[in-house]
1. Given the criteria out of contact with any helix residue (DSSP H, G or I) (no Cβ under 6 Å at 6 or more places or on another chain), under 30 Å from residue 54 (Cα atoms) and at pLDDT below 95, does residue 164 qualify?
2. Out of (1) assigned to a loop (DSSP other than H, G, I, E, B); (2) in contact (Cβ under 8 Å) with a residue 24 or more places away in the chain; (3) under 22 Å from residue 104 (Cα atoms), the odd one out for residue 84 is which?
3. Being surrounded by fewer than 19 Cβ atoms within 10 Å (Cβ to Cβ) and touching a helix residue (DSSP H, G or I) at 6+ places or on another chain (Cβ under 7 Å) is the filter here, so list the residues in region 213-231 that pass it.
4. Among the residues of region 146-168, write down those that are exposed (fewer than 15 other Cβ atoms within 10 Å of the Cβ) and either more than 22 Å from residue 84 (Cβ to Cβ) or touching a strand residue (DSSP E or B) at 6+ places or on another chain (Cβ under 7 Å) (or both).
5. Out of the residues in region 188-214 that are more than 18 Å from residue 133 (Cα to Cα) and assigned to a helix (DSSP H, G or I), which is nearest to the chain's Cα centre (by Cα)?
6. Applying the selection to region 121-152, what residues are farther than 23 Å from residue 222 by Cα and part of a loop (DSSP other than H, G, I, E, B)?
């Protein structure tokens, strides 16, 4: 499976995800400079975390116009896989590839922590490596991670099972206290209606190496690889 990781000025998680894909999972991985526009050799585009273009204007506002992201939009429209993590999620919402927006955290503070969440759906390549309702713990690190959408959009997300990850407490309950940033419906990650575009604020790549004593994020990537083998 060929992975492409977009590299923006200001990105700081591109090497993290490349390390997991290339060195842990031994998958072909290409770093894609933001000015590139040919993604024809790529199966999965990853839009990583960080501070693309210094988060000027607002998070992801400038990155959406880069040639690489315009090519990513075409990649997604062809039904191919796109994953946005943290800042990458923000970019995907700015572009309209995913609904809603990521706004300032509820308490207006940058949050860096490890938080529990439930896996809400396991019928997609992104989450088929998990069990339905499985409780996992992933790191977060963001200042604008509060997921917001209009009521009709939230209803559509729920009705079409587009919420893939939801913040919860240690018992799996999506309580307000367990919500680290104020995201509506405790949303931590969503997909588009077709299921080929994923956006999530938590960092699965930071919980995918046994050396870190947490591999809860690894199943996301191994599930992707398994889906490729099944469809081959």
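1. So residue 164 does not fit the description; no.
2. So the condition that residue 84 fails would be (1).
3. Listed by number, the residues that qualify are 214, 215.
4. 151, 152, 155, 159
5. Going through the qualifying residues, I end up with 205.
6. If the condition is that a residue be farther than 23 Å from residue 222 by Cα and part of a loop (DSSP other than H, G, I, E, B), then 143, 144, 145, 149, 150 are the ones that fit.
The values are calculated or read from the model by the stated rules, or taken from the named source; none is laboratory data. These numbers come from a predicted model, not from an experiment. Cβ atoms come from the backbone with ideal geometry, glycine included; neighbour counts cover every protein chain shown.
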